[in-house]
Amino acid sequence: MGAADAPRINGNRRVMEDEILEAATDVFAKKGYLGTNLNDVAERLGVTRQALYYHFRAKHDILQAIFANIFDDLDKAIDAGIAGITDPAERFRHMVRAHFIVVVSSPHRTAISLQEHRNLPPASAKLVLERREKLLNRFAQAYADGVA
């Protein structure tokens, strides 16, 4: 179901979660997370601010979801890229290629993931840093396997 097909409530279009994340990514990238309020995201979507609360309790929940999505996309791309490859050096090359493709395919999301983790509440920031560490460890292990 696309944006035009989204269900209507009292004549107003109900926005879908992926639309919110896409709009927020663009707005956060242009204005910065701290420089953005939910009215900016709602305006971009042509809905009220309250429509966003159907999916997210607060602005930081949107930011956390953006982080979760990029890490999920990286994991999926890497898993798909190395499927069936047994040579460790070749696996590492495919991991790097998959990572690169995800990163360059969404420059706004990448910029957010590099800059905005500091603006999350401590518990959310900890989760993001743990995911980042897990990804880095995955690359470190693959590199070590390739060298060996």
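The values are calculated or read from the model by the stated rules, or taken from the named source; none is laboratory data. Predicted model, so just to flag it, every value in this text is computed and none were measured. With ideal geometry, Cβ positions are generated from the backbone for all residues, glycine too; neighbour counts draw on all protein chains shown. Remember, those area values only see protein heavy atoms, side chains included, never the ligands or the DNA or RNA. Shrake-Rupley method; radii C 1.70, N 1.55, O 1.52, S 1.80 Å.
General observations
- Filtered by the rule that a residue be of a type outside the set (D, E, K, R), surrounded by fewer than 16 Cβ atoms within 10 Å (Cβ to Cβ) and outside any loop (DSSP other than H, G, I, E, B), region 32-69 gives ASN39, GLN50, ALA68.
- Within region 71-125, the residues that satisfy the criterion of being open to solvent by less than 50 Å² (accessible area, probe 1.4 Å), among the hydrophobic types (A, V, I, L, M, F, W, C) and under 19 Å from GLY32 (Cα atoms) are VAL103, ALA111, ILE112, LEU120, ALA125.
- GLU130 meets each of the listed conditions (1) under 19 Å from ALA23 (Cα atoms); (2) part of a helix (DSSP H, G or I) apart from (1).
- Region 25-55 - residue that is aromatic (Phe, Trp, Tyr) and modelled with pLDDT of 95 or more and, of those, farthest from LYS126 (Cα to Cα): PHE28
- Between ASP79, ASP72, the distinction of being outside any loop (DSSP other than H, G, I, E, B) and either under 12 Å from the mean Cα position of the chain (by Cα) or closer than 24 Å to LYS126 by Cβ (or both) belongs to ASP72 only.
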